[in-house]
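Only one structure is covered here, and it is reproduced in the block below.
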Amino acid sequence: MEIDGPVKVSKIAEMQSIEITYLEQLFRKLRIAGLIDSTRGRNGGYFFAKDPTKISVKDIMIAVEEDLDATSCSGASDCSDGKKCRTHTLWASLNTVVVNYLEKITLDTLVESHDDHYINVVNLR
């Protein structure tokens, strides 16, 4: 993954067809999480604060406050009338699998596999 200096948010918004105001909100969260940084000025823009091989999809999702929990009780086991529901263990186990999977996919892996139809799960183990 090669990057030639800071990239302007307007250019990213244009290239990805994303509203610039929405992208700025996401970038603010990513900057607070320490995943990206920015520089001002004529040649300013955003750049990675960490090596992209060290940034996982899980890190990004947590930074932008995406919920990774499939349980309705947020893992507290009080799904139904203060007790664990019948499917709690199923959803809690699924959470573990999903979080572990997203932790293994780095930003670099995601970018390098953009032409693939899927990311090879076997290679992530």
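Among the residues of segment 1-59, those identified as of a type in the set (Asp, Glu) and outside any loop (DSSP other than H, G, I, E, B) are Glu14, Glu24, Asp37, Asp59. Could you please find all residues in segment 27-52 being more than 13 Å from the chain's Cα centre (by Cα), within 18 Å of Glu112 (Cα to Cα) and not acidic (Asp, Glu)? Within segment 27-52, Phe47, Phe48, Lys50 meet the criteria.
Within segment 1-50, the set of residues being in contact (Cβ under 8 Å) with a residue 40 or more places away in the chain and surrounded by fewer than 12 Cβ atoms within 10 Å (Cβ to Cβ) comprises Ile3, Gly5. Within segment 87-125, the residues that satisfy the criterion of being of a type in the set (Ser, Thr, Tyr) and modelled with pLDDT under 85 are Thr87, Thr89, Ser113, Tyr118. With the condition kept exactly as written, say whether any residue in segment 68-82 is of a type in the set (Ser, Thr, Tyr), out of contact with any Asp or Glu (no Cβ under 6 Å at 6 or more places or on another chain) and modelled with pLDDT of 80 or more. Checked against the condition, which is being of a type in the set (Ser, Thr, Tyr), out of contact with any Asp or Glu (no Cβ under 6 Å at 6 or more places or on another chain) and modelled with pLDDT of 80 or more, segment 68-82 yields no hits at all.
The values are calculated or read from the model by the stated rules, or taken from the named source; none is laboratory data. In this text, all values refer to a predicted model and were calculated from it rather than measured experimentally. A quick note on method: Cβ atoms are made from the backbone with ideal geometry, for glycine too, and the neighbour counts reach across all protein chains shown.
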